[in-house]
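See below for the structure under consideration.
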Amino acid sequence: MLTKDLLRISRAGGGYHPQFADREYRPLAARVIGTYQGHVGEPRANLEEALTALERDADDFKLIRGLSALLEREATFETETTIEPARARRAVFEAAEAVGVVSEDDRAMAFIRASESLDVSADDLETALYADLEERQVLTGVESRWDPDELIAQYNMSLAQTALFDATELRVRSSEPKALISAVKRLRLMYEIHRPKGRHATGNGSASDRTVVVTGPTHLFRSSRRYGTRFARLLRTVANASEWHLEATIDDRGTERTLELSHECPVRVPDAEPIADVSYDSSVESDFAARFANLDLDWNLVREPEPLATGTRVMIPDFAFEYDPAGATREGTPDGTDSSDGGYGDFRVFFEIVGFWTPEYVEKKLDQLADLEDVEMLTAVDESLGVGEEIAARDHRAIPYSGTVRVKDVADVLREYERQLVAESAARLPDELRPDEDAIALDVLATNYGVSADALADKSFPEHERIGRTLVRPTIIESLSEEIESGMTLADAEATFDDHDITDSSAILSHLGYRVEWDGLAGGTITER
């Protein structure tokens with residue numbers, strides 16, 4: 001999928017129409033691919049400058065950025081230096097403090113001293129100093145799976161998937177109904193199957209008369225990013241059929257619109273399987289993975305993560321849990337400090353399931369656990385093996401199980417880690433926070449700082465008032481008190497709040513002394529409390 005800021009949509013006629021790229025954009029796709037390939041070995045900044053030049057020449061800069069975003073996932077950027085940048089900075093700053101830098105000559109002397117202590121040249125040291133900044137990282141390779149036609153196909157698929165992320169309901173007919181329903185089940189989506197009175201075309205190669213109705217992510221009581229991602233992935237299976245028709249109800253920022261797609265649209269599956277089944281070493285692992293995914297915790301489950309060094313050997317745990325409370329990439333805090341100072345970094349808890357193995361294999365596994373250092377490891381141990389105490393003695397958490405791993409036991413341990421992480425990240429943040437925005441949701445502010453919203457619970461905001469889950473400046477509250485009045489529609493009130501980037505309408509209305517007199521489920525009128 002693409003990010004929402006790259007969504008290209010037309011609302012002509014009250015509809016919701018993705019602006020697909022057709023074959024006339026093939027030369028443009030080729031230029032984007034060529035730009036990436038032509039900048040291998042150069043810093044990211046040079047690549048971005050070339051892409052910006054393409055945007056200036058294009059009719060729609062969002063199209064360039066969308067194509068670039070897809071190729072970005074195929075690109076590899078590395079920090080190329082003779083010395084690790086953090087180590088270089090530490091050496092230079094220590095030398096600068098010793099020298100007392102006030103002039104260019106002092107600065108040069110500090111670099112010479114630091115380079116001598118690290119046994120590198122001063123030029124190499126200066127190059128390494130900030131080589132890990134994103135714009136200075138070097139593009140080392142582009143392993144694109146797509147030629148220009150396939151890149152356009154992937155773009156159109158991604159554009160449609162992004163549009164579907166705001167769907168409340170999806171209605172699909174397909175010439176491959178069994179494959180469609182199978183995919184819905186594998187993706188663990190909520191669905192119904194309808195057979196309307198008026199039968200649609202049936203038979204070989206035509207759309208089935210059965211309509212699969214799938215509940216969309218914005219229709220849930222609690223919006224789930226994971227559910228929305230699985231929901232959007234369904235399109236790959238839908239578009240893989242020879243004939244299909246899709247109709248989605250879209251929540252377009254409070255306005256209900258209809259999105260229609262079919263096999264006649266330029267949406268096709270690039271050369272890849274629509275849904276790849278994950279293979280597992282045992283039914284215990286697959287059962288655990290399926291049940292854990294349904295919990296919707298703030299932890300991502302990673303199958304077979306990176307290898308861990310255990311002495312002279314390597315261990316690949318069955319899973320890793322990545323703590324991801326905000327579900328967003330964090331590049332820095334609002335005040336310019338490193339997000340790692342207040343966030344969670346790449347915190348992981350590795351998870352190994354020890355099942356019905358031979359005594360020799362269990363002993364090897366225990367030896368591997370003993371050699372692990374500075375790794376958070378959780379181990380589920382079959383009770384029949386009787387080695388839980390030995391694992392605990394190696395400073396790793398052990399959970400006994402019989403038959404299946406209890407997801408609740410694992411979740412309880414992860415929540416202990418959560419409480420510790422939240423407390424640590426909250427302690428690193430200042431007691432007083434002053435966001436630049438006039439109004440900002442606590443969840444968004446937490447994402448900006450790279451922490452969970454819970455880490456902000458005990459912080460004070462001298463320049464804002466906390467209303468529900470939103471921080472609002474007093475001047476904005478005064479302005480809203482003049483703009484909101486009894487008798488106006490809820491839609492007009494929400495539009496006013498939207499102008500001030502306030503999404504929690506119920507809380508702000510209550511604060512202003514109003515309530516909603518509902519007229520069915522469609523809307524209502526603002527009245528005084």
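The values are calculated or read from the model by the stated rules, or taken from the named source; none is laboratory data. Remember, predicted model here, so these are calculated numbers, not experimental data. All Cβ positions, glycine included, derive from the backbone under ideal geometry; neighbour counts span all protein chains shown.
Within the stretch 332-352, is even one residue modelled with pLDDT of 75 or more and over 30 Å from Leu456 (Cα atoms)? Yes, there is a match, as at least one residue in the stretch 332-352 is modelled with pLDDT of 75 or more and over 30 Å from Leu456 (Cα atoms).
The residues of the stretch 7-37 that are assigned to a loop (DSSP other than H, G, I, E, B), within 16 Å of Lys62 (Cα to Cα) and not aliphatic (A, V, I, L, M), listed by number, are Arg8, Gln19, Phe20, Asp22. Out of the stretch 497-524, which residues are more than 18 Å from Leu442 (Cα to Cα), surrounded by 17 or more Cβ atoms within 10 Å (Cβ to Cβ) and modelled with pLDDT under 90? Hit for the stretch 497-524 is Val516, nothing else. Among the residues of the stretch 1-30, those identified as surrounded by 20 or more Cβ atoms within 10 Å (Cβ to Cβ), out of contact with any Pro (no Cβ under 6 Å at 6 or more places or on another chain) and within 18 Å of Thr52 (Cβ to Cβ) are Leu6, Leu28.
Which residue, of Ala183, Ala241, Ala163, is closer than 18 Å to Leu259 by Cα and either modelled with pLDDT of 85 or more or touching a helix residue (DSSP H, G or I) at 6+ places or on another chain (Cβ under 6 Å) (or both)? Break it down into steps so the answer makes sense when it comes.
Numbers: Ala183 fails: closer than 18 Å to Leu259 by Cα; Ala241 fails: closer than 18 Å to Leu259 by Cα.
When all the criteria are applied, what remains is Ala163.
Within the stretch 128-160, restricting attention to residues that are among the hydroxyl-bearing types (Ser, Thr, Tyr) and in contact with a helix residue (DSSP H, G or I) (Cβ under 9 Å, 6 or more places away or on another chain), the residue that is nearest to Gly34 (Cα to Cα) is Ser144. Checking the structure you have, find out if any residue of the stretch 39-61 is outside any helix (DSSP H, G or I), surrounded by 15 or more Cβ atoms within 10 Å (Cβ to Cβ) and in contact with a Ser or Thr (Cβ under 8 Å, 6 or more places away or on another chain). No: the stretch 39-61 contains no residue that is outside any helix (DSSP H, G or I), surrounded by 15 or more Cβ atoms within 10 Å (Cβ to Cβ) and in contact with a Ser or Thr (Cβ under 8 Å, 6 or more places away or on another chain).
The single condition among (1) modelled with pLDDT under 70; (2) more than 22 Å from Met157 (Cα to Cα); (3) assigned to a helix (DSSP H, G or I) that Arg222 does not satisfy is (3).
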